[in-house]
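**Student:** Can you keep this structure in mind? I'll have questions shortly.
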Amino acid sequence: MANSNPDINRLCRECIKGNTRAFKEIYESFAKVFFGICLRYAGDRVEAQDFLQDGFVKIFENLASFDPAKGSFYAWGGKIMVNTILMEKRKKRIETEEIAGDVIQESKTENQAIEQLSYAELVSYLQKLPEGYRTIFNLYAIEEYTHAEIAALTGISVSTSKTQFMKAKKMLSNLLKENAVVPTTA
């Protein structure tokens with residue numbers, strides 16, 4: 001995870017005063033972990049870099065609202081990153097499809113296969129999902145938002161969130177099967 005910098009409060013105060021060295025130090029301390037968040041939502045590294053840049057702009061614009069008594073800088077900044085990504089996706093007018101939900105049974109084998117993937121492998125598979133599926137999968141499975149929270153954040157219905165998540169899991173499962181990560185059942 002992110003470097004737990006005991007001087008983060010001082011750095012934030014210095015940033016608010018316009019100290020560019022403090023900006024740089026915060027950026028260098030958290031860019032790698034925040035880029036990991038961005039990669040999960042992005043279609044590729046270039047888009048992830050754009051998300052990272054936009055997210056850091058929001059973080060620096062809102063530094064005065066960071067309260068270490070309410071949580072870590074990583075948690076606070078990570079939430080800003082995710083919200084910035086979602087706003088960028090909304091700007092692009094990503095349309096999610098409204099589909100009646102089919103219940104898809106979770107496969108223990110598939111879940112175990114996903115758990116055994118390295119972070120880089122998981123990101124690689126997530127980037128192959130359509131943008132809407134990838135966003136919902138990240139919010140629900142990784143960021144641990146509820147479907148009601150996802151609906152409120154993205155402007156879709158709860159049932160659409162659930163359906164998109166199930167379809168993302170199914171597509172991810174198929175990708176894993178195609179790449180022989182999960183054995184196929186005969």
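The values are calculated or read from the model by the stated rules, or taken from the named source; none is laboratory data. What you are looking at is a predicted structure, and each value in this text was computed from that prediction instead of being measured. Because the Cβ atoms are built from the backbone with ideal geometry, glycine has one as well, and the counts that use them run over all protein chains shown.
**Student:** Considering only residues of the stretch 31-53 that are crowded, with 17+ Cβ neighbours inside 10 Å and without any contact (Cβ under 8 Å) to a residue 24 or more places away in the chain, which is farthest from PHE73 (Cα to Cα)?
**Tutor:** Per the stated criteria, the residue is GLU47.
**Student:** Given the structure, is GLY101 part of a loop (DSSP other than H, G, I, E, B), under 27 Å from TYR125 (Cα atoms), touching a Lys or Arg at 6+ places or on another chain (Cβ under 6 Å) and at pLDDT below 90?
**Tutor:** For GLY101, the condition - part of a loop (DSSP other than H, G, I, E, B), under 27 Å from TYR125 (Cα atoms), touching a Lys or Arg at 6+ places or on another chain (Cβ under 6 Å) and at pLDDT below 90 - is met.
**Student:** What is the one condition in (1) closer than 21 Å to LEU139 by Cβ; (2) surrounded by 12 or more Cβ atoms within 10 Å (Cβ to Cβ) that TYR27 does not satisfy?
**Tutor:** Condition not satisfied by TYR27: (1).
**Student:** Filter the stretch 130-180 for residues that are closer than 22 Å to ILE80 by Cβ, in a helix (DSSP H, G or I) and among the aromatic types (Phe, Trp, Tyr) and give the result.
**Tutor:** Selection gives PHE137, TYR140.
**Student:** Is it true that some residue in the stretch 144-158 is small (Gly, Ala, Ser) and crowded, with 17+ Cβ neighbours inside 10 Å?
**Tutor:** Initially, the stretch 144-158 is screened for residues small (Gly, Ala, Ser), giving 148, 151-152, 155, 157.
Imposing the further condition that a residue be crowded, with 17+ Cβ neighbours inside 10 Å reduces the set to 151.
Taking every residue of the stretch 144-158 in turn, at least one turns out to be small (Gly, Ala, Ser) and crowded, with 17+ Cβ neighbours inside 10 Å.
**Student:** Continuing with the same structure: For the stretch 4-17, check the following and say yes or no: at least one residue is modelled with pLDDT of 90 or more and in a loop (DSSP other than H, G, I, E, B).
**Tutor:** yes
**Student:** Please determine whether any residue of the stretch 121-133 is of a type in the set (A, V, I, L, M) and at pLDDT 90 or above.
**Tutor:** Scanning the stretch 121-133 turns up no residue that is of a type in the set (A, V, I, L, M) and at pLDDT 90 or above.
**Student:** Which residue is surrounded by the fewest Cβ atoms within 10 Å (Cβ to Cβ), if the candidates are limited to the stretch 54-87 and must be part of a helix (DSSP H, G or I), in contact (Cβ under 8 Å) with a residue 40 or more places away in the chain and hydrophobic (A, V, I, L, M, F, W, C)?
**Tutor:** At the first step, the residues of the stretch 54-87 found to be part of a helix (DSSP H, G or I) are 54-61, 63-65, 68-70, 73-87.
Restricting the remaining residues to those that are in contact (Cβ under 8 Å) with a residue 40 or more places away in the chain gives 60, 63-64, 68, 73-74, 77-78, 81-83, 85-86.
Filter again for hydrophobic (A, V, I, L, M, F, W, C), leaving 60, 63-64, 73, 81-82, 85-86.
Values: PHE60: 15, LEU63: 19, ALA64: 10, PHE73: 22, MET81: 25, VAL82: 24, ILE85: 25, LEU86: 19.
Ranking the candidates gives ALA64 first.
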